[in-house]
Amino acid sequence: MDVAAALAGPEGLAKADPAPSCTLVIFGAAGDLTKRLLMPSLYNMQQAGLLQEGFTVVGVDRVARDDNGYRSDLTETIQGFASDKGSESALDGLNADAWGWVRDRLFYQAGDFEDTATYDALKQRVSGNCVFYLAVAARFFAPVLTHLADSGLMTEADDAFRRVVVEKPFGHDLASAKALNALILAKMDESQVFRIDHFLGKETVQNLMALRFSNGIFEPLWNRNYIDHVQITAAETVGVERRAKFYEPTGALRDMVPNHMFQLLAMTAMEPPNSFDADAVRAEKAKVLQAVKPLDTGRVARDLVRGQYGPGTSGGKDTQGYRQEPDVAADSTTETYIAMRLNIDNFRWAGVPFYVRTGKRMAVRRTEIVVHFKQAPHAMFRSTPVEALTPNAMVIHVQPSEGITLNFSAKVPGPTLQLGRVAMDFRYADYFNTPSNTGYETLLYDVMIGDATFFQRADNVEAGWAVVQPMLDEIEAGHSEVQPYAAGTSGPAAADALLERDGRHWLALSA
Ligand code: BG6
């Protein structure tokens, strides 16, 4: 039997009704995010039948364009992505009809994000259901949100919804995240706000809830009695690229940890919510993040490792070090790598370390969560050639390939008792005919249908920053040196030492 076909149905996808008609107003319509991710996502959504007739897009940006100019610009970019096999924009060629459908619904509004006239003009253009997407630099969040609310564009009338999507960075530290939340909640209702974290659009991340809560075999083991420790890795091969102006004052800690890494941690460690209701799920995520023990002064020096890539090789090519990249200070101490050891102070996880690491210009591009189980007692193997047992590990592959591997020991065939390491491997691609996607498709769809499950609530964001703030304070005080590592490696040696001290090792980052 073709298991894949039996499981997946003819299209290999779970069916969903099209989202209600709405206007998607994108602030930052000429920017990178819109071109690279939002437009390919809308195109993929159209192909999947998730958009319907009345759907339109109004792009807002400062550059002068008319509707036709905007359509031509985006057509050119998307054609470029479609013909570039290495592009991250997840397009398998370009279906002219599907793109034509989206293109014909694109409109453009030139305007300054801080000028009331822009919002007056928008009011003339839009009616009914609207989603306002802030694909703009963080300094514009407050002005755009304030103008949207003060102009009445966020007022919901006659059953029409008005929602706003806020991209990261959601604050620069705890105080600024709180200030932004306070501003938002003074101007609109929490239910209208969708704080997006694109890691939550990744299929395997969403699958974590299904894996943990729909299978009788895993959840009973998912605690301190059976789990030794957890490793969460997001390794990238790219460097800072053209983003140094943003990255220099940001660094890997702010860029990746309170948001993406903590979302992975929360999905792995949260208690079972009492339903799939958005608030039930987000309440559990907030609780587990609030239980992460902050690293106090002594522990930052011990349990936090910061690294910065130097020259090396990436993808077989020589690459320059971070300090030689354009717009980076020659003596920059911004970290491009961070590793930490965290403890979750609750009943389920007491004594189980969570090791988290993320970095740029590493040996491979790989995001994964590794759950290391406790070792079985060796006692009965004493009189056999087996000297040590290897603990079981479950690897949840988030990207680039999506799936789950369970490693365990098996007897090597033959007359003596010897053990070998084997794996049960589930790959999405083997079972489901999943079309290419950017990860934004499901999130955009969720905004349109009003499902906030995979979006961060104000308390989730603040709980993440509350864990990171003492680390930022210590770095600011000069108590955390940045360690060099060669591009194309697994990061600084101190990060290996962080685990070795506990008698553990990172899962190797080999190709
Ligand atoms: C972004 C960060 O939020 O996530 C980038 O700002 C990082 O620095 C990116 O490269 C990683 O996302 P993905 O989906 O490519 O793993």
Counted residues in segment 381-416 being aromatic (Phe, Trp, Tyr) and in contact (Cβ under 8 Å) with a residue 24 or more places away in the chain come to 1
Residue satisfying condition, being among the small types (Gly, Ala, Ser), open to solvent by 10 Å² or more (accessible area, probe 1.4 Å) and in contact with a Lys or Arg (Cβ under 6 Å, 6 or more places away or on another chain), within set Ser480, Ser436: Ser480
Is it the case, given these coordinates, that Ala301 is of a type in the set (A, V, I, L, M, F, W, C), open to solvent by 20 Å² or more (accessible area, probe 1.4 Å) and assigned by TED's automatic domain parsing to the domain that holds Gln469? yes
Cβ-Cβ below 7 Å, separation at least six or inter-chain, first residue in segment 485-497 and without any contact (Cβ under 8 Å) to a residue 24 or more places away in the chain, second of a type outside the set (D, E, K, R): which pairs? Asp496/Trp506
So the check is Cβ under 6 Å with 6+ separation or different chains; which pairs have a first residue in segment 244-270 that's under 18 Å from Gly201 (Cα atoms) and a second one that's within 13 Å of the ligand (Cβ to nearest atom) and open to solvent by 20 Å² or more (accessible area, probe 1.4 Å)? Asn259/Lys168
Test: Asp279 is within 11 Å of the ligand (Cβ to nearest atom), acidic (Asp, Glu), in contact (Cβ under 8 Å) with a residue 40 or more places away in the chain and assigned to a helix (DSSP H, G or I): no
Checking Pro220 against (1) within 16 Å of the ligand (Cβ to nearest atom); (2) in a helix (DSSP H, G or I), which test does it fail? (1)
I'd like to verify a number: residues in segment 239-260 that are within 16 Å of the chain's Cα centre (by Cα) and not small (Gly, Ala, Ser), how many? 8
Enumeration of residues in segment 239-256 that are within 11 Å of the ligand (Cβ to nearest atom), among the aliphatic types (A, V, I, L, M) and assigned to a helix (DSSP H, G or I): Ala252, Met256
Output the residue which, of all residues in segment 362-387 that are closer than 22 Å to Leu406 by Cα and within 16 Å of the ligand (Cβ to nearest atom), is nearest to the chain's Cα centre (by Cα). Thr367
Residue match in segment 407-414 (condition: closer than 21 Å to Leu33 by Cα and not assigned by TED's automatic domain parsing to the domain that holds Leu134): no
Which residues, counting only those in segment 376-394, are outside any strand (DSSP E or B) and crowded, with 19+ Cβ neighbours inside 10 Å? Asn392
Within segment 10-69, count every residue that is open to solvent by less than 10 Å² (accessible area, probe 1.4 Å) and part of a loop (DSSP other than H, G, I, E, B). 6
Can you find a residue that is more than 16 Å from the ligand (Cβ to nearest atom), open to solvent by 70 Å² or more (accessible area, probe 1.4 Å) and in a strand (DSSP E or B) anywhere in segment 395-414? yes
Flagged in segment 262-281 as more than 15 Å from the chain's Cα centre (by Cα) and closer than 16 Å to Arg212 by Cβ, in numbering order, are Ala269, Met270, Glu271, Pro272, Pro273, Asn274, Ser275, Phe276, Ala280, Val281
Could you say which residue among Gly316, Gly321, Gly307, Gly359 is open to solvent by less than 70 Å² (accessible area, probe 1.4 Å) and more than 16 Å from the ligand (Cβ to nearest atom)? Gly321
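Table: residues versus (1) more than 12 Å from the ligand (Cβ to nearest atom); (2) open to solvent by 40 Å² or more (accessible area, probe 1.4 Å); (3) in the same structural domain as Leu145 (by TED's automatic domain parsing); (4) of a type in the set (Ser, Thr, Tyr).
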residue	(1), (2), (3), (4)
Ala179	yes, yes, yes, no
Ala234	no, no, no, no
Ala266	yes, no, no, no
Glu271	yes, yes, no, no
Output yes when any residue across segment 155-170 is within 16 Å of the ligand (Cβ to nearest atom), surrounded by 15 or more Cβ atoms within 10 Å (Cβ to Cβ), more than 22 Å from Thr453 (Cα to Cα) and under 29 Å from the mean Cα position of the chain (by Cα), and no when none is. no
Only one of these conditions is not met by Arg341: (1) open to solvent by less than 20 Å² (accessible area, probe 1.4 Å); (2) under 26 Å from Glu219 (Cβ atoms); (3) in contact with a helix residue (DSSP H, G or I) (Cβ under 6 Å, 6 or more places away or on another chain). Which number is it? (1)
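The values are calculated or read from the model by the stated rules, or taken from the named source; none is laboratory data. All values reported here derive from a predicted model rather than from experimental measurement. Because the Cβ atoms are built from the backbone with ideal geometry, glycine has one as well, and the counts that use them run over all protein chains shown. We work out accessible area using only protein heavy atoms, side chains counted, and drop any ligands, DNA or RNA first. Shrake-Rupley method; radii C 1.70, N 1.55, O 1.52, S 1.80 Å.
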